[in-house]
Amino acid sequence: MSKERIKIAPEFFEIMPPEYQDLVQRATFGKEDRGWKDIGTTKELIEEHSLCAGCPESMAFRYILASLPNPEDTVMVGSTGCTSLVFPHVAVHNIHSLFGNQNAIASGLKRALTVRFPGRIKDVVVLAGDGATVDIGLDMTLQAWFRQEKFTTICFDNELYANTGGQESGLMQKGFVAKMAPVGKTFEKVRLPEIARESGCHYVVQCTVSKPSLVEKVVRNAVFVAREIGPTYLQLYTPCILEIGKNSMEGLQEMRDSEKPTERFAYREYVSDAAKQFLAELAAKEKEKKAAAKQLAAQEA
Amino acid sequence: MAEGKSVIGTQNKKGQTYTDPWYMLHEAPRTPSFFTGSEVIKEAIRRASCDVMIAYPITPQSEAAALIGELFAEGYVGDYFRGESEFAVMSECAGAAFGGARVFTTTAGPGTMRAMENFPMWAGARLPIQMIVTCRGINSPLSIQPDTLEISYLLNTGMLVWHAETAQDFFDWILKGYMVAEEPDVHLPLALCCDGFFVTHTKDVVHLTPADMCLPPYDPYRSPVPCMDMECPPVRMMRDPFVMKSNYISYATHASWQQEVWAAVERSRKHTIHWLNGLIDAENTDADILIVTSGTAVSQGREAIRLLEDEGVRCGLVKVKTLRPWPGDEIREATKHAKHIFVPEFNVTGWLAKEIRATIPNSDRVHAGPHVCGGMTMPPEIIVSEIKTALGMRAMSLAGRGS
């Protein structure tokens with residue numbers, strides 16, 4: 001999408017919603033170095049949301065949207081759950097379909113966009129909870145990876161079915177007592193990052209969303225690798241503070257506690273050889289660009 | 001966004017000429033060809049300017065889905081792949097249609113049922129996907145033979161549902177189907193059904209349009225809902241989600257949208273009449289006895305009428321071409337003189353007879369039957385027998401047939 005398309009005819013400017021006016025005047029669309037530090041300077045891409053106060057998922061949502069390298073040509077695919085309460089507030093095209101079919105929807109979508117816009121970059125990003133990704137939709141998650149579909153899958157892992165009130169999910173910790181796990185979950189947390197690697201993903205990261213710079217880095221890497229090499233997967237811990245008995249202010253600390261080296265959300269990354277080479281080339285180009293800019297600035301001074 | 005330029009007369013990458021659909025389907029010269037129904041599906045898709053086809057093997061549609069793979073290899077279809085299950089395939093079709101592609105897929109029997117959650121979603125999302133349904137048994141114990149029970153489940157999904165009698169219907173209606181389904185005031189998915197094996201696996205003479213002509217491409221910007229390609233402004237879609245909010249507005253919004261989907265089914269009526277030359281075909285409707293049916297039961301009904309004529313019994317015929325939109329007015333008009341209406345069906349429940357009974361006055365005129373199911377054939381003699389028995393005439397027992 002060209003930024004030209006969102007321009008408003010001057011005679012209609014005043015009657016357009018303030019969000020739209022803001023999008024046109026201050027959006028970071030088309031800005032190459034956009035990132036989480038832009039949050040708060042504009043209404044885009046998400047200003048308000050209807051999640052619980054202090055919900056880590058809302059933080060993750062903002063960081064991800066701010067980190068998209070190409071939001072003006074990105075379509076997101078969600079699933080049923082708390083994410084579907086936020087997507088209506090997001091100024092990027094997004095699809096909510098059925099529960100668990102998000103990677104199948106994304107497969108068709110990415111292929112259609114490739115047929116319709118050959119030679120142009122159109123990114124597709126899936127964003128769904130652990131129930132949709134790992135339980136109901138696991139077949140479609142895995143098969144999209146087997147087929148080497150070129151999009152990024154992001155799982156908001158809150159270790160339970162949050163939106164329906166805290167039932168057992170495959171990513172829940174063993175022993176956790178939950179609705180539908182009345183004597184504690186009887187099997188281990190499903191090791192989806194490892195399965196993702198074995199299933200053909202080229203870039204896999206497991207982390208929390210306690211550090212916005214880290215989220216920005218992994219989201220950008222995941223989107224770039226998916227665009228050029230093949231499927232990528234991010235598993236982000238976004239605890240449901242409501243269902244694990246925490247207060248609004250305790251979400252961040254919960255994530256910090258869970259990302260310690262011995263804990264289950266310690267940072268883990270897998271990069272395939274092809275992706276490593278690609279990311280190294282990207283980094284080299286970025287370095288060259290910065291050096292050139294620095295040189296230019298020095299000459300102008 | 002749409003450029004507003006006509007592509008009619010220009011060529012695609014395969015050298016086919018984008019042709020005015022009315023000319024192509026009604027006036028262009030046709031070549032008689034001896035093909036199976038599955039091969040006819042391939043030939044229709046060759047001319048349909050399809051962007052994406054997603055396949056899955058389930059008998060008896062597998063052959064058609066595989067043949068379209070050959071078209072992809074030849075470069076006639078933009079993309080093609082095998083999905084992991086019917087539910088996934090229908091979801092993949094949805095994704096491709098959300099992205100603005102002209103989409104085609106096929107299914108049959110239990111596959112249709114496995115994918116069922118997608119169909120009201122397609123309709124609600126206003127995705128003009130065309131799906132061929134080659135009907136077969138859906139219930140246990142296993143059957144792979146033709147049985148139209150699955151159509152009854154499709155009737156209330158919000159999709160358009162047409163029921164082809166022959167391979168010729170199939171060829172024409174696949175192409176015409178896109179013309180109706182993609183109208184901006186319709187923009188709904190189409191389930192184009194046929195009776196599996198009887199149509200898909202038998203050879204018939206089919207008159208094909210020239211292979212160097214094809215439909216103009218789909219224009220996703222004529223959709224009544226935004227195309228998900230970020231080519232139009234990405235304003236926030238809603239300030240308040242429809243779901244998860246226990247307030248009257250969300251219920252009312254959803255309810256009004258459901259009604260809009262069914263209003264769109266109704267709006268398809270005028271386009272369908274235009275392209276299919278009416279929602280029904282009727283012959284000799286002044287007769288006291290009428291056979292009203294759809295699919296290959298129409299062909300069997302024709303044979304039964306010929307047998308009855310030999311015995312001096314005059315009988316008319318109504319071929320129901322579309323089930324959604326439902327041709328209520330047409331059936332009421334066609335049956336107004338009939339004293340007895342027989343509805344032969346290839347299913348156990350008699351869903352078509354129920355629809356007709358709910359439509360016409362004096363519905364006790366409707367004889368729901370004969371029914372065959374589980375893949376059994378329907379010899380014309382059993383239709384004759386049903387009619388003669390109902391009229392109090394002596395009917396030959398089926399055991400004596402052919403003796």
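Readers should treat all values here as calculations from the given coordinates under stated rules, not as data from a laboratory. The structure presented is a predicted model; accordingly, all values stated were derived computationally and were not measured. Cβ atoms come from the backbone with ideal geometry, glycine included; neighbour counts cover every protein chain shown.
Some points to look at:
- Chain B, relative contact order [Cα under 8 Å, separation at least 6], %: 17 percent
- For segment A:116-130 versus segment B:249-290, the gap between their alpha-carbon centres in whole angstrom: 36 Å
- Normalising by residue count, segment B:23-150 has a Cα convex hull of 125 Å³ per residue.
- In sequence order, segment A:241-249 has phi-based couplings of 4, 4, 7, 9, x, 10, 8, 3, 7 Hz under the Karplus curve 6.51 cos²θ - 1.76 cosθ + 1.60, θ = phi - 60°, and Gly or Pro positions carry x.
- Reduced Cα scattering model of segment B:298-386, Debye log10 I(q)/I(0), q = 0.11, 0.21, 0.23 Å⁻¹: -0.30, -1.10, -1.28
- Charge-dipole axis of the protein assembly as shown as Lys and Arg at +1 and Asp and Glu at -1 on Cβ define it, positive-most pick from B:Gly15, A:Gln299, A:Ile121: A:Gln299
- Sites A:Thr42 and B:Met393 - FRET efficiency at Förster radius 60 Å, r taken between beta-carbons, to 0.05: 0.15
- Charges were assigned to the Cβ only: +1 to each Lys and Arg, -1 to each Asp and Glu. The resulting dipole of segment A:113-160 about its Cα centre is roughly 560 debye.
- Cα-centred dipole magnitude for segment A:6-93, charges only on beta-carbon of K, R (+1) and D, E (-1), debye, nearest 20: 180 debye
- Among the GluC sites (Glu not before Pro) found in segment B:244-319, those both in a DSSP coil and sparsely packed, with 16 or fewer other Cβ atoms within 10 Å of their Cβ, are B:Glu311.
- Scanning chain A for long hydrophobic helices, with DSSP H runs required to stretch 27 angstrom or more by C-alpha along their axis and to average at least -1.0 on the Kyte-Doolittle scale, returns A:273-300.
- Estimated inter-spin distance, A:Gln25 and A:Ala297, nm [label 7 Å along Cα→Cβ]: 2.9 nm
- The ranking of B:Ile45, A:Ile39, A:Ile15 from fewest to most other beta carbons within 10 Å of each one's beta carbon is A:Ile15, A:Ile39, B:Ile45.
- Inter-part distance where segment B:61-111 and segment A:66-113 are each reduced to a Cα centre, Å: 21 Å
- Reach of A:Lys174 by Cα under 16 Å, taken over lysines that are not fewer than 8 positions away in the same chain: A:Lys185, A:Lys189
- Prolate/oblate/rounded label for segment A:1-127 (Cα gyration tensor, a/c 1.5): oblate
- Put a plus charge on the Cβ of each Lys and Arg, a minus charge on the Cβ of each Asp and Glu, and nothing anywhere else: the dipole of chain A about its Cα centre is then about 680 debye.
- Among B:His271, B:His340, the ranking by other beta carbons within 10 Å of each residue's beta carbon, starting with the fewest, stands as B:His340, B:His271.
- Dipole-positive endmost among A:Leu23, A:Gly54, A:His93 within segment A:1-116 (Cβ charges, Cα centre): A:His93
- Efficiency of FRET from Cβ geometry, B:Tyr153 and B:Glu283, R₀ 30 Å, rounded to 0.05: 0.50
- For segment A:93-153, trypsin sites (Lys or Arg not before Pro) meeting the loop criterion (DSSP other than H, G, I, E, B) and having at most 10 other Cβ atoms within 10 Å: A:Arg120.
- For segment A:177-213 and segment B:122-198, distance of Cα centres in Å: 40 Å
- The Cα-based radius of gyration of chain B, divided by its Kirkwood radius, gives an Rg/Rh of 0.99.
- In a fully extended conformation the segment linking B:Ile273 and B:Ser33 would gain 83.7 nm over its present Cα-Cα distance, using 0.36 nm per residue.
- Cα→Cβ-extended label distance, 7 Å offset, between A:Ser213 and A:Glu263, nm: 2.0 nm
- Dipole-positive endmost among B:Gly177, B:Cys214, B:Val199 within segment B:163-215 (Cβ charges, Cα centre): B:Val199
- Segment B:53-107: chymotrypsin sites (Phe, Trp or Tyr not before Pro) in DSSP coil with no more than 11 other Cβ atoms inside 10 Å: none
- Cβ-to-Cβ counts within 10 Å put A:Glu281, A:Glu14 in ascending order as A:Glu14, A:Glu281, the fewest first.
- Extension gain (nm, one decimal) between A:Glu32 and A:Arg256, 0.36 nm per residue minus Cα-Cα: 77.6 nm
- Under the criterion of Cα pairs below 8 Å and six or more residues apart, the relative contact order for chain A equals 16 percent.
- Between helix B:167-181 and chain B: long-axis angle, C-alpha atoms, 0 to 90°, nearest 10: 40 degrees
- Label point 7 Å beyond Cα of B:Ala255 along Cβ direction - residues of segment B:136-163 with amide nitrogen under 18 Å: none
- Acute angle (nearest 10 degrees) that the helix B:62-74 long axis makes with the longest principal axis of chain B, alpha-carbon atoms: 40 degrees
- Taking every DSSP bridge with both residues inside chain B, close to 30 percent are antiparallel.
- Helix axis angle, B:380-390 relative to chain B longest principal axis, alpha carbon, degrees: 60 degrees
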